[in-house]
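The values are calculated or read from the model by the stated rules, or taken from the named source; none is laboratory data. All figures in this text were calculated on a predicted structure; none of them were measured in a lab. Counting neighbours? That spans all protein chains shown, and the Cβs are built from the backbone with ideal geometry, glycine included. Just the protein is used for accessible areas: all its heavy atoms, side chains included, with ligands, DNA and RNA removed. Shrake-Rupley method; radii C 1.70, N 1.55, O 1.52, S 1.80 Å.
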Amino acid sequence: MTAGSPKGVDVVVVGAGFSGLYLVHKLRAQGLDVVCLEMGDGVGGTWYWNRYPGARCDVPSLEYSYTWSPGLEQEWEWTERYPRQPEIRAYLDHVADRFDLRPHIRLSTRVTAATFDDARDRWTVETEHGDRYEARYVVMATGCLSVRKKPPFEGLDSFAGDWYQTSDWPEEGVDFTGKKVAFVGTGSTGCQAIPQVAKTAEHLAVLQRTPCFSVPAVNWEMTPEEQATFKAHYREHREEQRRTPTGLTNPAPTRPAADFTPEEQQRLLEEGWEFGGPGGVMMAFSDIATDAEANEIVCEFDRRKIREIVKDPATAELLSPTTYPIGARRICIDIDYFETYNRPNVSLVDVASNEITEIVRNGVRLADGSVVEADAIVFAVGFDAMTGALLAVDIRGSEGVALRDVWAHGPQTYLGLGMSGFPNLFTVTGPFSPSVFTNMIISLEDHVDWISDCIAYMDAHGLTRIEARHDAQNDWVDECLEIANATLMTRAKSWYLGCNIPGKPLGPMQYLGGLGPYRERCNEVAANGYEGFQLSVLKEHAHGDAPGTVFGV
Ligand code: NA7
C-alpha cells in the first residue's frame, strides 16, 4: 500500500487488546471486512505493555476472561485465583491464534489521525507509517488506561543509573540484585511491583506522595478440581456476572452499615478482608460509596489493619490514608504490600511534605535539598486515563471538527459509545460508560456486542450514517454527573476525575449506576431503533431524491 492508495475496508478497529480482538472476531463473523491497527509489537493491549514485576489482574481469572466461547472457557487452564500478566498475555495470544485473528491485525502500527468525509460517509484513518485506510466505521478499542503519564520530573537525562516505567517494562526483565532502587508511585501498580522489587534490591526507597487504601488479594494456586467445579457451572457464573453491578460474581450488598451493630460491622469487614480482592471489604455495606459515615468505618478498619501489619508505628501512620474516602481513588489489591515495609531493606520516604524537585545524577532530590540515592529508579506514576488514548489520535468528525476542540472542557459522549459530531465512530468503554468501575471484560463485551449489532442493523436497513444527537448526549452526560455527584468519588483527587494530569479538565467521566441498568438502557436504545442517535442514508445510496433521508429518533 502507498500513501496515495488507501485500502478500503468496512471497519477499522484501533487497538488489539481484549476489545479489539473480540471486535475482529465478531465483525468478521458478520461478513465484514475488518482491519485492526495496533501500536504494540504484539496483541494484548494493557496486558502487552504492563509487564512489570508483580503485574497481575485484580479480578479473579475465571471471571476475567471472554464469555463468548464456551470451548475456550473450558480448554484454557488458569493457574492462580488472580491471573499474572504473562498468563493473561498468553491467553490473548492463544485467542488470536485459535480464532485466526492475526491476518486482520497490523502490529507496530500507531494510528495518528482519523478524518470523516461527510460527502461519502467514510472515515480515512492514517498511521504513523503513512498508510491510509478508508472505512465505513471506526471503532476505538484503545482502552481506558493506555497512555502512560511521563515521569513529571526535571533532570531525568542527568541520572547516571537506569530508570524504568512500569507500563513500558523491558521484555527481558530487570535484575535489581545489589542495587539501590528508588520507586515513585503507590497506586495499584506500585502496590503490586514494590513487594517484588523489594525481594531482590539491595535497598528499596519508596517515595510516597499519597498513601493508598489497599486490601489483600488473597491469591492462591488453583487446583484442577477447584477449576473444574467452577467450569462445570460456567454458564450460570456468567449469568451471575451479568446480574451484578460490577460484572463480578459477588452479589452487591443490600444493607447499609447502619443496619449492623459495631461488632457485626467489624465481623463483616473481617470476612471481607479474609475473602480478599474487590469482592471483599468493599462489599460489606451497600452505602460505602455514598455515605461518609459508612465509608469512614471501612477506612478505619483498613487503617487498623495497616497498624497491625506494619511494625514501625511511624511508617504505619505514613502509610495510612486519612484525607479521602476509601474507593474514591481506585482501591488497590495487593499481595504483601504493607508487609513489605517490615523488611530491613525497605524504607518509606514521604514526598508529600518534602516533594520531589528533580532527578539528579545520583538519585532523586527532594525539596529540603536531600537526595534519595539510587542506582535505578522505577516510575509507576499512572496514566492519562479515560480520554488520553482517544485524544492521542487527531480525530476530525463532521465538517472537520476536531475531537480535541470539542473535548477541550471535558469529554462528552452518548452512552460512552458514540459522540455527537463524530458519525460512524464508536468507542469501547468510552467516557461516561461504566468501564473502570466494573470487570472490564463484561463491560467491553457488552459494547462490542452492541456496536456489532448496530452495524448489522445499519446494513440491514441500507443506512450509511449514525451519529449521537447532541441533546441525547447532553442528557446522558447530565445523568452520569448527577449519579457521580451523589457518591463520595468527587472527594478525592484521582485519575477517575482527571486530577493526575496537569491541565486536564476535571470531573467524573464514568457511569456509576451499575452495569445492569446501563445494559438495559443500551438495549432499550437499540430496540427503539437507536433512540438518541440520528440515522441516515447518503444521497447517492438513497431511494428517490431525498437528500440524506433522516431516520432520527
Ligand atoms: P495511579 O493510580 O495513577 O498511581 C500513580 C502514583 O504515582 C500515585 O501514587 C501518584 O501519587 C504517584 N505520582 C504521580 N506523580 C507524582 C509526583 N510528581 N510525585 C510523587 N508521586 C507521584 O497509577 P497506577 O498505574 O498505579 O494505577 C492506574 C490504574 O491501572 C489502576 O487503578 C488500575 O486500574 C490499573 P499521587 O496519588 O498523585 O499523590
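Would you mind calculating the gained length between residue 254 and residue 478 on full extension (0.36 nm times residue separation, minus the Cα-Cα distance), in nm to one decimal?
On the way: separation 224, 0.36 × 224 = 80.64 nm, distance 2.64 nm.
Stretched fully, the residue 254-residue 478 segment lengthens by 78.0 nm.
Could you look at the range 346-421 and say what percent of its accessible area is carbon and sulfur, using a 1.4 Å probe and all protein chains?
On the way: 1210 of 2810 Å².
With neighbouring chains kept in place, the figure for the range 346-421 is 43 percent.
Using bins 10 angstrom wide from zero, how does P(r) for the range 317-450 break down, in % of all Cα pairs?
That works out to 9, 26, 25, 21, 17, 3, 0, in percent per bin.
So, in nm, how far is label residue 354 from label residue 300 when the simple model puts each one 7 Å beyond its Cα toward the Cβ?
3.2
Divide, for the chain, the radius of gyration over alpha carbons by 2.2 N^0.38 Å, where N is the residue count. Don't skip to the end; give the middle numbers.
Numbers: Rg = 24.0 Å, N = 553, 2.2 N^0.38 = 24.2 Å.
Against the compact-globule rule of thumb, the ratio is 0.99.
Picking from 112, 138, 480, whose Cα lies most toward the positive end of the charge dipole for the chain (charges on Cβ: Lys, Arg +1; Asp, Glu -1)?
Farthest towards the positive pole: 112.
Once R0 is set to 22 Å, what does the formula 1/(1 + (r/R0)^6) return for the Cβ-Cβ distance between residue 371 and residue 171, expressed as a FRET efficiency to the nearest 0.05? Present the calculation step by step, with values, prior to reporting the outcome.
Numbers: r = 31 Å, r/R0 = 1.42.
According to the calculation, E is roughly 0.10.
Considering only protein heavy atoms and a 1.4 Å probe, what is the carbon-and-sulfur percentage of the accessible area of the range 169-213?
46
I need the shape label for the range 402-553. Rule: rounded when a/c is under 1.5, else prolate if a/b > b/c, else oblate, with a, b, c from the alpha carbon gyration tensor.
It is prolate, given that a/c is not under 1.5 and a/b is the larger ratio.
Taking the Cα centre of the range 372-445 as the origin, how large is its charge dipole in debye, to the nearest 20, when only Lys and Arg (+1) and Asp and Glu (-1) carry charge on their Cβ atoms?
300
Rounded to the nearest 0.05, what FRET efficiency do residue 97 and residue 293 have when you use their Cβ-Cβ distance and R0 = 45 Å?
Values: r = 52 Å, r/R0 = 1.16.
For residue 97 and residue 293, the calculated efficiency is 0.30.
Size of the dipole of the chain about the Cα centre, Lys and Arg at +1 and Asp and Glu at -1 on the beta carbon, nothing else charged, in debye to 20?
Working: 50 positive and 79 negative charges, 152 e Å.
Dipole magnitude for the chain comes out near 720 debye.
Give the distance, in whole Å, between the Cα centre of the range 424-485 and the Cα centre of the range 388-417.
Computed from Cα coordinates, the inter-centre distance equals 14 Å.
Say each of residue 404 and residue 453 gets a label point 7 Å from the Cα, pointing the same way as Cα to Cβ; how far apart are those two points in nm?
With each label point 7 Å from Cα toward Cβ, the separation is 3.6 nm.
Provide the gained length on full extension for the span residue 79 to residue 163, in nm with one decimal, where the gain is 0.36 nm per separating residue minus the Cα-Cα distance.
Working: separation 84, 0.36 × 84 = 30.24 nm, distance 3.16 nm.
The span from residue 79 to residue 163 would gain 27.1 nm if fully extended.
Please report the spacing between the Cα centers of the range 145-195 and the range 20-69 in Å, no decimals.
Going from one Cα centre to the other spans 25 Å.
Which value, in Å², gives the accessible area per residue of the range 123-163 when a 1.4 Å probe is used on the protein heavy atoms? If you can, show how the numbers build up before the last one.
Numbers: 1890 Å² over 41 residues.
Value for the range 123-163: 46 Å² per residue.
Looking at 353, 82, 430, which one has the Cα that reaches farthest to the positive end of the dipole of the chain (charges on Cβ: Lys, Arg +1; Asp, Glu -1)?
353
Using θ = phi - 60° and the Karplus form 6.51 cos²θ - 1.76 cosθ + 1.60, what ³J(HN,Hα) does each residue of the range 493-503 get, whole Hz, x for Gly and Pro?
These are the phi-based 3J(HN,Hα) values: 7, 9, 6, 4, 9, x, 5, 7, 10, x, x Hz.
What do you get for Rg/Rh over the range 399-490 if you use C-alpha atoms and the Kirkwood form of Rh?
The Rg/Rh ratio comes out at 0.99.
I'm checking a number: the convex hull volume of the Cα atoms of the range 298-364, normalised per residue, in Å³. What is it?
Numbers: hull volume 8.5 nm³, N = 67.
Taking the convex hull of the Cα positions in the range 298-364, it is 127 Å³ per residue.
At 7 Å along Cα-to-Cβ for each site, give me the label-to-label distance between residue 69 and residue 523 in nm.
About 2.5 nm, to one decimal.
Tell me the carbon and sulfur percent of the accessible area for the range 258-343, rounded to whole percent, probe radius 1.4 Å.
Working: 2040 of 3980 Å².
That share works out to 51 percent.
Heavy-atom accessible area per residue, the range 217-286, 1.4 Å probe: how many Å²?
On the way: 3760 Å² over 70 residues.
Averaged over the residues of the range 217-286, the accessible area is 54 Å².
Expressed in nm to one decimal, what extension gain is obtained for the pair residue 317 and residue 156 from 0.36 nm per residue of sequence separation less their Cα-Cα distance? Present the calculation step by step, with values, prior to reporting the outcome.
Details: separation 161, 0.36 × 161 = 57.96 nm, distance 3.07 nm.
Length gained, residue 317 through residue 156: 54.9 nm.
Can you give the three extents of the C-alpha atoms in the range 135-251 along their principal axes, from longest to shortest, in whole Å?
Rounded to whole Å, the extents work out to 56, 47, 31 Å.
For residue 36, what residues show an amide H to amide H distance below 5 Å, using hydrogens built from the backbone and excluding near sequence neighbours?
Placed amide hydrogens put 13, 105, 106 under 5 Å from residue 36.
Put +1 on the Cβ of every Lys and Arg and -1 on every Asp and Glu Cβ in the chain; which of 160, 393, 174 then has its Cα farthest towards the positive end of the dipole?
Result: 160, furthest along the dipole toward the positive end.
Residue 233 to residue 271: FRET efficiency via 1/(1 + (r/R0)^6), r the Cβ-Cβ distance, R0 25 Å, to the nearest 0.05? Let's see the in-between values first.
Working: r = 23 Å, r/R0 = 0.92.
Efficiency, rounded to the nearest 0.05: 0.60.
DSSP H helices in the chain with Cα extent of 15 Å or more along the helix axis and mean Kyte-Doolittle hydropathy at least -0.5? Don't jump to the answer; show the numbers that get you there.
Working: long enough: 18-29 (17 Å, 0.51); 85-98 (19 Å, -0.93); 188-200 (20 Å, -0.02); 262-275 (20 Å, -1.54); 292-309 (25 Å, -0.66); 440-460 (29 Å, 0.54); 470-485 (22 Å, -0.84); 515-527 (18 Å, -0.67).
Helices passing the filter in the chain: 18-29, 188-200, 440-460.
Using the Cα centre of the range 310-468 as the reference point, and only Cβ charges (+1 on K/R, -1 on D/E), how large is the resulting charge dipole? Debye, rounded to the nearest 20. Let's see the in-between values first.
Details: 9 positive and 21 negative charges, 38 e Å.
Result for the range 310-468 is approximately 180 debye, rounded to the nearest 20.
Would you mind classifying the range 141-183 by shape? Square roots of the alpha carbon gyration tensor eigenvalues, ordered a ≥ b ≥ c; an a/c under 1.5 is rounded, otherwise it is prolate if a/b is larger than b/c and oblate if not.
Working: a/c = 2.91, a/b = 1.44, b/c = 2.02.
Taking the square roots of the gyration eigenvalues as a ≥ b ≥ c, the range 141-183 is oblate.
Considering amide H positions built from the backbone, and no H for Pro or chain starts, which residues 5 or more places from residue 433, or on another chain, come under 5 Å of its amide H?
Hits under the 5 Å cutoff: 511.
Among residues other than residue 366 whose Cβ falls under 11 Å from its Cβ, what is the net charge (Lys/Arg +1, Asp/Glu -1)? Kindly include the intermediate steps, with their values, before the conclusion.
Details: positive: 365; negative: 350, 355, 358, 368.
Neighbour charge sum, excluding residue 366 itself: -3.
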